[in-house]
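Only the coordinates and a few stated rules stand behind these numbers; no lab work does. Quick caveat: nothing in here was measured; it's all calculated off a predicted structure. Because the Cβ atoms are built from the backbone with ideal geometry, glycine has one as well, and the counts that use them run over all protein chains shown.
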């Protein structure tokens with residue numbers, strides 16, 4: 001992986017350019033690129049077949065105007081942004097992808113995928129959304145097997161169970177390294193900031209453990225030096241915030257930036273674009289490695305699941321680990337699943353952990369930044385008192 005160490009004296013904070021360079025390097029070597037949108041994409045199977053997963057663009061307000069010529073204006077900004085990038089041809093990762101895989105996580109996405117399939121080969125996986133039902137695991141395993149056949153037919157590549165098992169072990173190694181990095185955010189005060197956590201995850205998601213080793217090892221050494229030198233972010237009394245909810249990236253990063261501008265520290269970005277993607281383990285050395293992958297992915301506590309008890313238990317684990325002073329639930333406009341579920345999340349945070357809770361509903365525009373700032377400031381005043 002031709003990417004310089006993430007954290008050094010000359011760190012430029014531009015992981016997207018590094019990932020693009022990484023993808024182009026694979027493309028030049030003849031390695032096929034496969035576009036993905038969601039955390040349910042089984043990366044282990046993709047990598048086992050020698051295919052490189054590329055997370056597609058979905059977090060800019062710029063292409064939304066183009067998308068609204070086709071899509072309803074009152075649709076989720078993530079969906080509109082995704083399709084706008086496709087219409088305008090401005091997402092380099094989509095351009096270099098030979099096919100795209102998607103999952104039925106929401107109705108808006110499903111219909112957008114029908115339109116995107118007119119532009120590029122698209123394989124949609126039917127995600128079971130009652131994860132505790134007896135049939136769910138079997139059905140999701142079947143979906144992953146169908147994806148495997150799609151990839152075989154599209155890319156003319158094969159993966160044995162041994163290849164898939166090796167890929168599972170590789171992912172587990174990478175995720176364990178990432179969780180070591182998150183430990184430094186759990187310190188009080190933290191010695192790693194939110195931007196560094198986010199950038200490390202952005203680089204790590206499409207890469208293998210072997211490719212990330214030259215990045216993560218220097219990063220861990222740098223963090224240890226910070227501890228030894230007494231370096232940290234914020235003050236001892238800076239409000240520690242856990243941000244949960246919808247995926248956050250690009251223009252949606254405003255929620256993090258406003259929290260930090262108000263003097264807070266985002267110690268746990270709990271979303272599929274943050275820490276959540278690297279939590280948990282895939283069972284190793286099983287008779288059916290695809291079944292092991294299916295089991296792990298079905299445990300992802302997305303709001304599309306019902307009942308979504310796993311999100312509350314996972315949230316409790318994160319609260320106990322990162323010791324936040326408050327929880328902020330960031331909900332994208334028209335994301336009905338996360339919006340409705342926010343009530344249960346807030347009730348859980350208050351009743352089980354006694355923490356202040358704030359729901360922020362927003363889109364990708366900057367029109368409401370003043371309102372959000374006022375709400376965050378009021379939250380921090382509550383903590384201080």
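Points worth noting:
- Rg/Rg_ref, the range 327-385, where Rg_ref = 2.2 N^0.38 Å and atoms are Cα: 1.19
- Extension gain, residue 139-residue 180: 0.36 nm per intervening residue step, less the Cα-Cα distance, totals 11.4 nm.
- Distance between the C-alpha centres of the range 328-358 and the range 28-77: 27 Å, rounded to the whole angstrom.
- Summed over qualifying helices (DSSP H, 4 residues or more, each -39500 (n - 2.57)) and divided by its residue number, the chain shows a 222 nm mean residue ellipticity of -16000 deg cm²/dmol.
- Translational diffusion of the range 15-157, µm² s⁻¹ [Kirkwood Rh, Cα pairs; Stokes-Einstein; 4 °C; 1.567 mPa s]: 82 µm²/s
- Translational D in µm²/s for the range 84-194 (Stokes-Einstein at 10 °C, 1.306 mPa s, Kirkwood Rh from C-alpha pairs): 91 µm²/s
- Proxy reagent accessibility, fewest Cβ within 10 Å first, across 166, 362: 166, 362
- Computed over all pairs of different Cα atoms, the Kirkwood value for the hydrodynamic radius of the range 287-385 is 15.3 Å.
- For the chain, the relative contact order works out to 19 percent when only alpha carbon pairs closer than 8 Å and six or more residues apart are counted.
- Counting only Cα atoms, the size of the range 56-122 along its three principal axes is 30, 24, 18 Å, in decreasing order.
- Taking other C-beta atoms within 10 angstrom as a stand-in for reagent exposure, 26, 21 fall in the order 21, 26, fewest first.
- Cα long-axis angle, helix 161-183 against the chain (0 to 90 degrees, to the nearest 10): 10 degrees
- The chain: angle of helix 107-116 to the longest principal axis, Cα-based, in degrees nearest 10: 50 degrees
- At 0.890 mPa s and 25 °C, Stokes D of the range 135-235 from Kirkwood alpha-carbon radius, µm² per second: 152 µm²/s
- Among 124, 100, 340, residue whose mean-square fluctuation peaks in a GNM of the chain (springs only between Cα atoms under 10 Å): 340
- Exposure proxy order (Cβ contacts within 10 Å, fewest to most) of 382, 187: 382, 187
- Options (i) 21.5; (ii) 20.5; (iii) 25.6 - which one matches Kirkwood radius over Cα pairs in Å as calculated here: (i)
- Taking 0.36 nm per residue of separation and subtracting the Cα-Cα distance, full extension of the segment from residue 369 to residue 384 would add 3.2 nm.
- Helix 336-353 vs. the chain, principal-axis angle (Cα, 0 to 90°, nearest 10): 50 degrees
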